[in-house]
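A short worksheet on the structure shown next.
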Amino acid sequence: MSKKTVRLFLYFTIFAAGAAFISLFLGVAANDPYIFWNLRAPRVLLGLLVGACLAVSGAVLQAIMKNPKAEPYITGTSAGAALGAVLASFMGAIVLRPFFAFAGGIAATGVVYMIASFSRRKSPHTLILAGVTLTSLLSSIVLLIMVFSRESAYSILFFLTGSLQNPTLIGIISVSLGLALVGGVSLYYSRELDLISLGDEEAAFLGVDPSRTGRLLLFTVAVAVAGAVSAAGIIGFAGLIVPHIVRIISGAGHRKLIPLSAILGAGMLVLCDSAARLVAAPVELPVGVITAFAGAPFFLYLLVKGK
């Protein structure tokens with residue numbers, strides 16, 4: 001490992017630790033032991049885990065789809081997991097919400113993959129178009145559920161825009177398992193990700209099966225994202241921005257990109273959550289609103305740059 005890489009790991013870790021410190025000690029009643037240990041600390045921990053999970057998932061999706069605009073939200077995975085979580089809430093099975101989210105995320109990913117496989121143009125762009133279409137359909141179903149469940153419409157809306165407000169032990173565990181899975185698998189296949197990023201023909205020539213590897217990584221991401229969505233709702237753009245920043249700073253090698261994205265993503269989401277908690281105090285904004293304000297201009301920049 002080069003000295004530059006070691007310095008990057010150190011700087012990113014300091015940034016994430018600083019963001020966590022700010023979130024822990026800034027705001028009303030930060031010195032109250034009960035609030036600190038039962039509300040603030042679990043919230044920061046959940047934010048670190050979700051941010052890392054979404055950033056790593058975004059980095060993997062951008063590699064296997066060979067598209068810098070790919071992220072969990074536009075591939076249908078987040079919408080499927082959200083529908084599963086909302087159905088669990090609608091049925092009164094809050095404890096089972098992670099399992100419903102896992103099922104919804106994996107099912108949505110499977111449907112998107114099947115649609116793309118049946119298409120005459122089998123390309124990553126087809127996969128993204130199928131994901132966007134399915135996301136629109138699933139979002140409409142969620143809106144119907146909100147219409148028939150007006151008493152819980154506000155909580156569903158807050159969930160759909162992303163929130164770290166109510167961290168639970170089962171939520172933290174589900175995100176931790178998802179992060180361990182996607183992080184471990186993506187690091188194991190880091191060489192394959194580097195080759196797939198160059199193109200399917202180049203990867204196949206060097207002994208990598210891009211279809212098999214891509215399918216495995218796609219469903220690994222689906223499991224991880226489902227865990228994140230079940231715990232914190234849909235947080236858009238978190239998986240889009242971070243991998244790009246890391247690539248600009250450290251390069252495109254996934255052996256470095258994956259862990260650096262995890263650290264930077266963790267710090268950035270916790271920082272955004274602090275802004276969501278304090279910018280309109282005493283009213284708390286969904287953290288997804290803050291990430292959207294930051295991510296939307298960045299996405300437009302990518303579109304213009306790509307054009």
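Taking region 16-40 on its own, how many of its residues are assigned to a helix (DSSP H, G or I) and either acidic (Asp, Glu) or touching a Phe, Trp or Tyr at 6+ places or on another chain (Cβ under 9 Å) (or both)?
Of the residues in that region, 4 qualify.
Is it the case, given these coordinates, that Leu206 is in contact with a helix residue (DSSP H, G or I) (Cβ under 9 Å, 6 or more places away or on another chain) and closer than 21 Å to Ser261 by Cα?
It is false that Leu206 is in contact with a helix residue (DSSP H, G or I) (Cβ under 9 Å, 6 or more places away or on another chain) and closer than 21 Å to Ser261 by Cα.
Among the residues of region 199-250 satisfying the criterion of being among the aromatic types (Phe, Trp, Tyr) and either free of Cβ contacts under 8 Å to residues at least 24 places away in the same chain or not in a helix (DSSP H, G or I) (or both), which is surrounded by the fewest Cβ atoms within 10 Å (Cβ to Cβ)?
Of everything passing the filter in region 199-250, Phe205 is surrounded by the fewest Cβ atoms within 10 Å (Cβ to Cβ).
What do you reckon, is Leu303 part of a helix (DSSP H, G or I) and more than 18 Å from Pro72 (Cβ to Cβ)? Outline the logic, then answer.
On the way: part of a helix (DSSP H, G or I): yes; more than 18 Å from Pro72 (Cβ to Cβ): yes.
Yes, satisfied.
Take region 74-102 and flag every residue that is aromatic (Phe, Trp, Tyr) and surrounded by 21 or more Cβ atoms within 10 Å (Cβ to Cβ).
Listed by number, the residues that qualify are Phe100, Phe102.
If you scan region 141-164, which residues turn out to be under 14 Å from Gly84 (Cα atoms) and under 21 Å from the mean Cα position of the chain (by Cα)?
Val142, Ile156, Phe159, Leu160
Residues being small (Gly, Ala, Ser) and buried (at least 19 other Cβ atoms within 10 Å of the Cβ): count how many of those fall in region 1-27. Outline the logic, then answer.
Initially, region 1-27 is screened for residues small (Gly, Ala, Ser), giving 2, 16-20, 23, 27.
Of the ones still in play, those that are also buried (at least 19 other Cβ atoms within 10 Å of the Cβ) are 16, 19-20, 23.
Summing the residues that are small (Gly, Ala, Ser) and buried (at least 19 other Cβ atoms within 10 Å of the Cβ) in region 1-27 gives 4.
Is it the case that Arg43 is among the charged types (D, E, K, R), in a helix (DSSP H, G or I) and touching a residue at least 40 places away in the same chain (Cβ under 8 Å)?
yes
I need the full set of residues from region 28-61 which are farther than 20 Å from Ile173 by Cβ and either in contact with a Lys or Arg (Cβ under 6 Å, 6 or more places away or on another chain) or surrounded by 24 or more Cβ atoms within 10 Å (Cβ to Cβ) (or both), in order please.
Listed by number, the residues that qualify are Gly58, Ala59, Val60, Leu61.
Can you go through Val95, Val111, Val86 and tell me which one is among the aliphatic types (A, V, I, L, M), part of a helix (DSSP H, G or I) and under 29 Å from Gly199 (Cα atoms)?
Val111
To keep it simple, each residue is scored yes or no on (1) surrounded by 15 or more Cβ atoms within 10 Å (Cβ to Cβ); (2) modelled with pLDDT under 90; (3) out of contact with any His (no Cβ under 6 Å at 6 or more places or on another chain).
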residue	(1), (2), (3)
Gly104	yes, no, yes
Ala116	yes, yes, yes
Leu127	yes, yes, yes
Leu134	yes, no, yes
Tyr154	no, yes, yes
Ser176	yes, no, yes
Leu179	yes, no, yes
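Could you please find all residues in region 185-198 being hydrophobic (A, V, I, L, M, F, W, C), over 30 Å from Gly162 (Cα atoms) and buried (at least 19 other Cβ atoms within 10 Å of the Cβ)?
Those that are hydrophobic (A, V, I, L, M, F, W, C), over 30 Å from Gly162 (Cα atoms) and buried (at least 19 other Cβ atoms within 10 Å of the Cβ): Leu195, Ile196.
(1) assigned to a helix (DSSP H, G or I); (2) out of contact with any Leu (no Cβ under 9 Å at 6 or more places or on another chain); (3) within 27 Å of Leu160 (Cβ to Cβ): which one isn't true of Thr13, the others all being true?
(3)
The values are calculated or read from the model by the stated rules, or taken from the named source; none is laboratory data. Just so it is clear, the model here is predicted, and its values are computed rather than measured. Quick reminder, even Gly has a Cβ in these numbers, built from the backbone with ideal geometry, and neighbours come from all protein chains shown.
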